[in-house]
Amino acid sequence: MRTKSPIYRLGIKAAGIAVALLLLMQWNADRRVFANTSGDAYVQFDAANRIWTLGTDSVEKKLQLDGSGRFLLVSFQNKLTGKEYVQGAQNSDEFQIEAGGATYNGSAGGWTYDSHSTEVLSQGELELRIVFHNSVLQIIRHYVVFPSTGTIKEWSEFKNVSGGALNVSSPFMFKQRVMQNDLIDVDLQYLTGGGNFTGSGMLKTVPMTSAYARTFDSYDYPEVTMVDGHYEFGLGSYEQGTAVYDTLFVLRNRASSEGIWLSFDYNGHWVAQVGNFGTRINLSGYASVTNYEVANGQSIASPKTTMGVFQGDLDDMGNTIGDYTYRYLWDYTRNDFRQGGGTWQWRISPQMPSAFESINYNRYIGGHTVHIDADWYSNKGDWDEAIESDDLKKTSDFLKKSGMLLKLWSPLWQADYGSRVVNEHPDWVAAGDGVGFYGLHLNLANPDVFSWILNKANEMQADLGPFQWRYDGMPSWKVAGSDNDMLKQSENFFYLLKAFKDANPLAWINGCSSGGETLLMEAVRFSDTQQVTDGNARHYASYYQSLKLPIDKLSWPGSMPDIATDFNTYDPKDPEIRENTRRHYEFGRYLDAQGLSGRWVKVFRPTASDGKDSTHLLQKTNGNQSKAMIQFSSYTPYFGENVTIYPKGLIDTESYSLGCYLGGCVPQTATGDYWKTNGVTIANLQPGETILFNVTDYPGSGTDNTAPSAPSGAVKKTAYNMDRFGVELSWTAGADDRWISYYEIERNGVVIDKVSKGTYDFIVDGDIGDTYRIRTVDGDGNASGYATAALQPGGPSAPAPTTIPHRFRASTDLSSSQGQANWAYLQQYASYGGDYMYLTNMNWDSSNLRWKGNEDYALIAGNWMSPGETYNAVRKWIAPRDGTVVVSGKVALGQSGQGGDGVVVRIKRSGAYPFLESEVWGPYTLDGNDNVGLSHDIVLNVKKGEALYFNVNKRGNSYYDVTNWDPSIVYGTPYVASAGFSDSQGTNQWRYQEWNGSSYTDMTDYQANGGVWKGSQPYVLIGAGTQHPDAYDSVRTWVAPTSGTIVVTGTARMGGSGGDGVNVTVKKGNDVLWGPNAIDGSDTDSGVSHDFQVSVNAGDRLYFIVNRNGNNYYDATLWNPVVTMLD
């Protein structure tokens, strides 16, 4: 038996934690007015029969605590249609729980009335609380009636009054017996969940029958199906909340077009039963809690259920729910939440170079956020920047100058081993947890954890200034194999979001949980935007989920022109694509200004002609339905075809002027009834097309002929932003009678930029002496006069030029700072193997001048690395610029012969999330006795910010696994002997010669069959990567094409054993640069390696000489030198 912590029913310790007590005070701050009415909401009490009647003009419920002590729902009426839903002989018993091995519910009887009260809450909601008890439990039933809606929220508190500890199980969230007599006309409709599988977010309809009885368990295998040509299961072990099923259930009467909808807010493991479970239509659900110990006098609360009635079809239901949401679940949504999209980046480090480019790009396209996702941190738990040169505060400050926000991925309930929070509070980790994709789970049921997360979230907001918190992972998780703590975890999750928004009135929340596993009405109440899928929902993303949740908080995959918002690399965006992106974002902002996004929007699902899949269409209207738009999903299979679309949601007698954003339809004006009946025909449907009703003056429509006014107060000054020097421009906004599209920035008479967001620009490395002018441009291209920026003195001076090194070496570049000299020192969680890079930072060990991971033997020093039992050692190099690099080095066991079983080594390069793009070299296995090892000389083209990872992994164990590896990376033009080998002398700067003791002579006999050059003696040979001497030396010669500095790397070893070996030398002209070095005739493994730098003039020659020792037997020598001319 698991003992529950002594927590009050609101998840707060009796001893109290200051921040949690403050939360409780805030939560109840406005609960002051006691009344029986509020707007059209009412509560009436018939004391003689002990009947409570509650409702609005749209809905009414009657509850009775009868003479037998039964607490029942005796009436549930849809006042929109006059329909009574409590039918037949058996009433609903409203609640249920198991306690001490017995089942207690409303219909069991034996309950004694205590009291009831009503209260008007902060938004005018009217709450009724009914209290009754027996010898074991006190029940408080809560009902919250929402004026001007058909919606009631309800839940139960269960207090132990037995005199001793009590084990409770399965607290029900709802328990309804309804529509018994309407069975043959009733459909059950439910939504699949938001987990990452194809088939997520789909609406399923099941006709009810007397035999139908289905149990929905949130741990069920998901209903995976083929969608848009894909069949994918990517859910993993994340099965709580709305992962497998959404928490929306609908009972709709087909004959009378009306019904009941129900949704509950629980982020844990839940079970719902629908159908014939004792009565013909039973609708019940409970939190999966088993033998949860509640101390005497303590309480637990069931998750809250929201229930409502509707009239009409599913769109009518969705808009009924939407009206409730806009009225009562919009109080924590920031007013500017829909100000455009933005750019994103993830799994790159450092972040600042990419983020800087992303901010400038956002300013051009009119984006609102720069989204930095996973792997910006040293580890989950500490939430510090992974690279010390990264500075998120500077990033956030630079964004704010243009009125933009940072969006930062930080699931604060997740943590890594080695983080301070886990080291200092190991008991905060969910017992029995293992490291998953998101790391460890902190147990949010623990009030100390709740306070730590809230404090961390507030601290980050204070440090960075207001930003958008993007949460992810799973706030509810098993503890010691039990689901019991999920009850408190889920409660505290909602309290946490509210407390965060209360403490940070300018902060935003972007909700995400492996995509859409927290799609709960209460969670989305606090989110400004909400992700609904990690991708596998495809075109169903948000299509049906917007029945329950506000469409414009969600991410519907509407089609669009070719745009670019990804900043995982620093590649400049194609100008045409950049302009497409700007126009696309501008159109979205314009629609928002027309009331076609945001609060009060209504959603409809129109149909397409000829049986085309209509789930690729989504329609929105403004609140009074005088304007409308229809968009197509990006997955639409009938692009390029003619199609007729039949809209919904238009008022029959109203006049609507039709237009199409891309011109695919013929503009005309007709009534709403006409358009719904005859449809809109589009010729050659294209991505990005939008059908518009009564929206005629959109940007680019050609209807505006009036120029805007010029900006004013324009100034220029020097400044640093994100450690970059340049010229800042700022101005006061111009004005237009319709729509300002952007500001055009001109320098010395040449247009250099557009600013579509804010009234600010930054010209990197700009000259303050240049003339800068700004003008306003409206949506149809009309431009104002120019405002010339005046000098604002006092700015900083330009810095001295900086030089990026050409060469990097692990040993000489070692430092105590992550990211210094472009190197970082990481550990890879080994259970994910070599293909998945679960990386966290190592920590500097100042006593031993090396980096140390979470284990004693997970180490990285200057020229060696050592893996631990659980963590591999990973040395990371970050490309400071684009270019060609040669990656050279030799890796060998440093503790060979001491009993170790060896290591696995590899080089990887960064690529597509979450896996690395490719193996650059390896994986290779080194035996525990291998002190010879392997060499590498690899030529790669790299992009600025791209990373190379040098990995050392244990084999069976980590004993004696110290591995010598001192990689070198050189920027330049490489000349690789084998790759440049040719049948023509001088090609690729290589010549093939022999040395007769007095002069170098070109070979003349190329033998195509063997692919070798042959000298004047039988065994003087040169191949692609081989040389063989005779009495004359074999000489491969490189001729410098220009003057400069070169780096010469390579390893020479015997191609076979049995001879007396060779001598190898590198010369420049007559000067010996390396050698002579003797190679033993049996040395086919280690050989001798060279890595040196030297200056050359154009025409200088480097000679790679192989000289026989005593004789030329078995003197084939493997030697593939690389000469790199530094840039």
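The values are calculated or read from the model by the stated rules, or taken from the named source; none is laboratory data. Quantities reported herein were computed from a predicted structural model and do not represent experimental measurements. When we count neighbours, we look across all protein chains shown, and the Cβ atoms used for this are built from the backbone with ideal geometry, even at glycine.
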Could you give every pair whose Cβ atoms fall below 7 Å, whose first residue belongs to the range 441-469 and is within 22 Å of residue 368 (Cα to Cα) and of a type in the set (Gly, Ala, Ser), and whose second residue is surrounded by fewer than 19 Cβ atoms within 10 Å (Cβ to Cβ) and at pLDDT 95 or above, counting only separations of at least 6 or pairs across chains?
-> 465/397; 465/400
Taking the range 249-282 and keeping residues modelled with pLDDT under 95 and under 20 Å from residue 98 (Cα atoms) leaves 277, 278, 282
Mind checking whether some residue in the range 528-545 is of a type in the set (Asp, Glu) and assigned to a helix (DSSP H, G or I)?
-> no
Can you spot a residue in the range 680-695 that is within 21 Å of residue 363 (Cβ to Cβ) and either out of contact with any strand residue (DSSP E or B) (no Cβ under 8 Å at 6 or more places or on another chain) or surrounded by fewer than 16 Cβ atoms within 10 Å (Cβ to Cβ) (or both)?
-> no
Scan the strands (runs of 3 or more DSSP E) fully inside the range 622-700 and keep the ones with 1 or more residues being over 26 Å from residue 582 (Cβ atoms) and either assigned by TED's automatic domain parsing to the domain that holds residue 318 or at pLDDT 95 or above (or both).
-> 643-646, 655-660, 668-671, 680-682
Would you mind stating whether residue 682 is touching a Cys at 6+ places or on another chain (Cβ under 6 Å) and within 30 Å of residue 535 (Cβ to Cβ)?
-> yes
Can you name the residue in the range 284-317 that is in a strand (DSSP E or B) and of a type in the set (A, V, I, L, M, F, W, C) and, of all such residues, is surrounded by the fewest Cβ atoms within 10 Å (Cβ to Cβ)?
-> 301
Given the conditions (1) surrounded by 21 or more Cβ atoms within 10 Å (Cβ to Cβ); (2) part of a loop (DSSP other than H, G, I, E, B), which single one is not true for residue 219?
-> (1)
Note on the range 75-93: residues of a type in the set (Asp, Glu) and farther than 15 Å from residue 60 by Cα are 93
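Of the residues 525, 578, 582, 589, which is assigned to a helix (DSSP H, G or I), within 25 Å of the chain's Cα centre (by Cα) and surrounded by fewer than 19 Cβ atoms within 10 Å (Cβ to Cβ)?
578
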With the condition kept exactly as written, say whether any residue in the range 497-504 is touching a Phe, Trp or Tyr at 6+ places or on another chain (Cβ under 7 Å), crowded, with 23+ Cβ neighbours inside 10 Å and part of a helix (DSSP H, G or I).
-> yes
Conditions (1) surrounded by 17 or more Cβ atoms within 10 Å (Cβ to Cβ); (2) modelled with pLDDT under 95; number of the one not met by residue 861 | (2)
Kindly indicate whether residue 562 is touching a helix residue (DSSP H, G or I) at 6+ places or on another chain (Cβ under 7 Å), closer than 30 Å to residue 348 by Cβ, surrounded by fewer than 22 Cβ atoms within 10 Å (Cβ to Cβ) and among the acidic types (Asp, Glu).
-> yes
Tally the residues that are surrounded by fewer than 23 Cβ atoms within 10 Å (Cβ to Cβ) and of a type in the set (D, E, K, R), restricting the search to the range 1025-1063.
-> 3
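Looking for whichever is hydroxyl-bearing (Ser, Thr, Tyr), part of a loop (DSSP other than H, G, I, E, B) and farther than 22 Å from residue 570 by Cβ here; the options are 811, 817. Which one fits? It would help to see each step written out before you state the result.
On the way: 811 fails: part of a loop (DSSP other than H, G, I, E, B).
Among 811, 817, only 817 is hydroxyl-bearing (Ser, Thr, Tyr), part of a loop (DSSP other than H, G, I, E, B) and farther than 22 Å from residue 570 by Cβ.
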Every residue from the range 187-200 that is in a strand (DSSP E or B), buried (at least 24 other Cβ atoms within 10 Å of the Cβ) and not aromatic (Phe, Trp, Tyr) = 191, 192, 194
When you go through (1) surrounded by fewer than 23 Cβ atoms within 10 Å (Cβ to Cβ); (2) modelled with pLDDT of 95 or more; (3) under 20 Å from residue 199 (Cβ atoms) one by one for residue 246, which number turns out not to apply?
-> (1)
Within the range 417-429, the residues that are assigned to a loop (DSSP other than H, G, I, E, B) and in contact with a helix residue (DSSP H, G or I) (Cβ under 9 Å, 6 or more places away or on another chain) are 417, 425
Which residue pairs have Cβ atoms closer than 8 Å, lie 6 or more positions apart in sequence or on different chains, and pair a first residue in the range 754-780 that is within 16 Å of residue 715 (Cβ to Cβ) with a second residue that is among the charged types (D, E, K, R) and assigned to a loop (DSSP other than H, G, I, E, B)?
-> 758/401; 760/401; 762/401
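Is it true that residue 139 is surrounded by 17 or more Cβ atoms within 10 Å (Cβ to Cβ) and over 40 Å from the mean Cα position of the chain (by Cα)? Walk me through how you get there before you give the answer.
Values: surrounded by 17 or more Cβ atoms within 10 Å (Cβ to Cβ): yes; over 40 Å from the mean Cα position of the chain (by Cα): yes.
In short, yes.
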Can you run down the residue pairs with Cβ atoms below 7 Å, 6 or more apart or on separate chains, where the first is in the range 1100-1112 and in a loop (DSSP other than H, G, I, E, B) and the partner is aromatic (Phe, Trp, Tyr)?
-> 1112/1019
Restricting the search to the range 522-557, which residues are at positive phi and acidic (Asp, Glu)?
-> none
Within the range 627-658, restricting to residues that are among the small types (Gly, Ala, Ser) and closer than 17 Å to residue 595 by Cα, the one that is surrounded by the fewest Cβ atoms within 10 Å (Cβ to Cβ) is 657
